[in-house]
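No lab work stands behind these numbers, since they all come straight from the coordinates. These figures come from a predicted structure and were not determined experimentally. A quick note on method: Cβ atoms are made from the backbone with ideal geometry, for glycine too, and the neighbour counts reach across all protein chains shown.
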Amino acid sequence: MRRGILTIAAAGLLVTGGLSACGSDEPGGAAGDKTPKIGVILPDSKSSARWETADRKFLEEAFKAAGVEYDIQNAQNDKTQFQNIAEQMITNNATVLMIVNLDSGTGKSVLDKAKSQGVATIDYDRLTLGGSAEYYVSFDNEAVGKLQGEGLVKCLAEKGVKNPVIAELNGAQTDNNATLFKAGYDSVLQPKYDSKEFTKGPDQWVPDWDGAQATTIFEQMLTQTGGKIDGVLAANDTLGNSAISVLKKNKLNGRVPVTGQDADLQGLQNILAGDQCMTVYKAIKKEADAAAELAIGLAKGERKNTGQTVRDPEGNRDVPAVLLEPKAITKENVNDVVADGFVDKAKLCADAFAALCTQAGVS
Ligand code: BGC
C-alpha cells in the first residue's frame, strides 16, 4: 500500500516535469559529486531525420539551460566509430555517457567499459539488452506500434478496402525498439489476419532502418504479390517514404495507405499530400529534457526516482525508466505538431504545400 502511494507520488512528479531525488550518496551514482560533463552518442543521420534535427537540438538546449558541459557526437551508423567515440569521451573525463545504441552487443560493451571507469550511463531512446545503464529514457514503444496498427486499420476502413493485403516494413532487427513497435502493431493486425478480415502479405525487417534498402525491399514485395498490396505498415517515416516512392512509380500512391513514425518534415508533407495516412509524433523535447535532467543528477551523484521500470529480458533486470506517451497524427491534427514547435511552419508549408496546409488547417 505504502509503496503504491510512493510510486504514484513519483509518477506525479514526473508528469509535472520534476524528478524526485533520492539521496546523494547511494551506490550506483557512479559519477559521484563531479562537475557534470555529459557525452551523448547519436546513432546516425539517415535512418531518421530526428537524431540531428530534434534530439541534438533539444539536448543541446537542455544542457545549455542547465549550464553543464557536453559533447554530442554522431556515430554515422558505424559500430567501430561508435566505440571510438565512447572511448574518447571516457578519456576526456565524461561524467555521464548517454547512448543510442546501434545494436545491443556494441551498446553493452560501451556501457560496461564506461561503468568500469566509473562513468554513469543512460540508454537514450533504445534499450541495450543485457546492458548496464542506470536509466532508460524513451517512449512507450509498444504503444507507438499500437497507434500505427490502429491508424492503418482506420485508413483502410475509410477507403472501404475489403480483405486488404498488408505489407509490413519493420525497422532494424538489431534495434529493440523495432521489436517493440512490431509487437504493438501485430497486436492489432494479427487478430485481423487470424479472423481473415485482413490478409497477411510480405513482412520484412529493414537492416539499419535504411531507406534505400527499404525501397528495394518494397519493390520486391510489390512484384512478388503481383501489385496486390492494399496497406503498408511502415515502422517510421523514412521507411514509409521509401514505400511511397515505389507506390508513386506504380501510380498507386494515395490509394494504398502507408503509416510512419517521427512526424518528420517529409512524413508530414506526405500526409498533407494524401500519400501517407498517419505518423506517430513523439515529443522529443520531453525525452531530451528528461534524459538531461537524469544525466545531470547522475553527475552530481544523485539517483532520482523515475517511478517506473522496464524489464530487460536479456539481462533479467528492471531498469529504472522514463517512458513518454506517443500521439497519432493524421491530416486532421498535423497542426498539433506545428503548435508544439516541433516543425517549422514555413518549411512544412513551403511552395506547393502552402495550399495543402491551409486545407488541413495548419496555422
Ligand atoms: C527510434 C525511431 C527512429 C528509428 C530509426 C528508433 O529506435 O525510436 O524514432 O525512427 O530508431 O532511427
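Considering only ASN141, GLN261, GLN173, the residue lying farthest towards the positive end of the dipole of segment 141-274 is GLN261, judged by Cα position with unit charges set on Cβ. Annotation: for a label point projected 7 angstrom from Cα along Cα→Cβ of ARG311, residues of segment 131-171 with backbone N closer than 15 Å are 142.
Less than 5 angstrom separates the built amide H of TYR70 from those of ILE38, all sequence-distant by 5 or more or on a different chain. Please give the helix 79-91 orientation as an angle from the longest Cα principal axis of the chain, in degrees from 0 to 90, rounded to the nearest 10. Computed tilt is about 20 degrees. Separation of segment 185-247 from segment 291-321 is 35 Å, based on Cα centroids.
Let me know the shape class of segment 307-363, please: from the alpha-carbon gyration tensor, a ≥ b ≥ c as square roots of the eigenvalues, rounded when a/c is under 1.5, otherwise prolate if a/b is greater than b/c, or oblate. Because a/c hits 1.5 or more and a/b exceeds b/c, segment 307-363 counts as prolate. For the chain, the longest principal axis of the Cα atoms and the long axis of helix 237-249 meet at an angle of about 20 degrees. Computed from the alpha carbon positions, the gyration tensor of the chain leads to an equivalent ellipsoid with semi-axes of 37, 21, 20 Å, biggest first.
Largest GNM mean-square fluctuation among TYR124, TYR193, TYR135, using the chain with Cα springs under 10 Å: TYR193. Taking Cα atoms only, the orientation of helix 211-224 departs from the longest principal axis of the chain by about 30 degrees. Of VAL206, VAL338, VAL280, which has the largest mean-square fluctuation in a 10 Å C-alpha GNM of the chain? Per the Cα network of the chain with a 10 Å cutoff, VAL338 tops the list.
Counting every alpha-carbon pair across segment 39-88, the share separated by more than 16 Å comes to 41%. If R0 is 41 Å, the Cβ-Cβ spacing of GLN81 and SER363 corresponds to a FRET efficiency of close to 0.45. Segment ALA355..THR223, full-extension length gain: 44.0 nm, with 0.36 nm per residue of separation and the alpha-carbon distance subtracted.
Between LYS282, LYS251, LYS192, the GNM of the chain built on Cα springs shorter than 10 angstrom shows LYS251 fluctuating the most.
In units of the rule-of-thumb radius 2.2 N^0.38 Å, segment 141-274 shows an alpha carbon radius of gyration of 0.93. This ranking places LEU222, LEU265 by how few other beta-carbon atoms lie within 10 Å of each, fewest first, which gives LEU265, LEU222. This model, with +1 at the C-beta of Lys and Arg and -1 at the C-beta of Asp and Glu, gives the chain a dipole about its Cα centre of some 660 debye.
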